[in-house]
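Here the structure comes first, spelled out in structure tokens, and everything after it is commentary.
The values are calculated or read from the model by the stated rules, or taken from the named source; none is laboratory data. Predicted, not measured: the structure shown is a model, and the values here were computed from it. Cβ: placed from backbone, ideal geometry, glycine included. Neighbour counts: every protein chain shown.
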Amino acid sequence: MTVAGSWHNGGVRGDRRRPSRPAARGAAGFVVGSAAAFAAVVLAAERVHKRASGRLLGPVRAPRLDGTDVVVVLGYPAASDGGTTALQRWRCRIGARSLRPDRDGLLVFTGGAVHGPWVEAEVMAAYARDRLGVPADRIRIEPHAESTWQNIEFTTPLLENADRIIIASDPMHAARARRYLRVQRPDLAERLTAADDYRPFERWWLKIPTAAHELAAIARRRAGAAATPLLRRTGLLQTTPPAVACDETHWR
């Protein structure tokens, strides 16, 4: 007599039970549900980035034939070894393709050495020149900004004579920067033109965290704006803080 699970003629005969049908259906349902939830997150990120791409632009007008375009590429920290990160490369590509080769224009990289020894603008400019083929004479660097607010503030001198101003970053971040320009220099904001920043499902794995970050910043700003009148009435806030202060975080 052979007992199930004992050794017999060099082989093992065990009780191999198949998963029950309810368990199999449950596992399949979990996989399908997880996939559906993930797809919903991806689509939601796509939607908010697409909407942001067209926000806070100047009036639509034909560019002057002799006008100059200035594309401002917002910085982001480099890798620990000084190489580019995925988000830097994405922003560089957006900037490079937003600079029309048939028009006079500049690609301005802005960002200092915020989270390490590497100057963000220099790292990104080198990538655009060496890997994307942007001519060196069309590149300018602003190496001191430590926030998105300063990205706009410190590049303003280069925008004064531009016919069209284009801000290049992931779409939601670029929309925030355009809002900052409207606060700092509403006259220049009238020249804001759309970047080639939104393409369906391009870098979708970067769109999810960038969308989450920007949505959180929007929520903080709105909460701060709602709380300000109450804080002033109670005397806890003597002056009204800048409307943009609560947007600044280390994300850049």
Task: Test for Thr228: is it closer than 16 Å to Val71 by Cβ and in a helix (DSSP H, G or I) - done: no
Open item on the list: Looking only at the range 83-97, how many residues end up being part of a helix (DSSP H, G or I) and surrounded by 19 or more Cβ atoms within 10 Å (Cβ to Cβ)?
Closed with: 10
TODO: Could you list all residues from the range 181-190 that are in a helix (DSSP H, G or I) and not aliphatic (A, V, I, L, M)?
DONE: Arg182, Gln184, Pro186, Asp187
Task: From the options Arg203, Arg222, Arg252, residue that is at pLDDT below 95, exposed (fewer than 15 other Cβ atoms within 10 Å of the Cβ) and charged (D, E, K, R) - done: Arg222
Task: Number of the condition not met by Ile165 [criteria: (1) β-branched (Val, Ile, Thr); (2) crowded, with 17+ Cβ neighbours inside 10 Å; (3) closer than 22 Å to Ala113 by Cα; (4) touching a Lys or Arg at 6+ places or on another chain (Cβ under 8 Å)] - done: (3)
TODO: Quick one: which residue in Thr148, Thr155 is over 16 Å from the mean Cα position of the chain (by Cα), surrounded by 19 or more Cβ atoms within 10 Å (Cβ to Cβ) and polar (S, T, N, Q)?
DONE: Thr155
- [ ] Would you check if there is a residue in the range 193-200 being in contact with a Pro (Cβ under 9 Å, 6 or more places away or on another chain) and of a type in the set (Asp, Glu)?
- [x] yes
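Based on this model, can you work out whether Thr148 counts as polar (S, T, N, Q) and either modelled with pLDDT of 85 or more or out of contact with any Leu (no Cβ under 7 Å at 6 or more places or on another chain) (or both)?
Yes: the conditions hold for Thr148.
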Open item on the list: Restricting to the range 191-225, give me the number of residues that are part of a helix (DSSP H, G or I), more than 17 Å from Phe38 (Cβ to Cβ) and among the hydrophobic types (A, V, I, L, M, F, W, C).
Closed with: 7
Open item on the list: The conditions are (1) surrounded by 16 or more Cβ atoms within 10 Å (Cβ to Cβ); (2) out of contact with any Phe, Trp or Tyr (no Cβ under 7 Å at 6 or more places or on another chain); (3) of a type in the set (Val, Ile, Thr), and Val183 fails exactly one of them. Which is it?
Closed with: (1)
TODO: Hey, could you check the range 48-82 for residues that are closer than 14 Å to Tyr198 by Cβ and under 14 Å from the mean Cα position of the chain (by Cα) and say which is surrounded by the most Cβ atoms within 10 Å (Cβ to Cβ)?
DONE: His49
Open item on the list: For the condition under 14 Å from Val70 (Cα atoms) and not in a helix (DSSP H, G or I), what is the one hit in Arg178, Arg100?
Closed with: Arg100
TODO: Tell me which of these Arg103 doesn't satisfy, since it passes every other one: (1) of a type in the set (Lys, Arg); (2) crowded, with 16+ Cβ neighbours inside 10 Å; (3) more than 19 Å from the chain's Cα centre (by Cα).
DONE: (2)
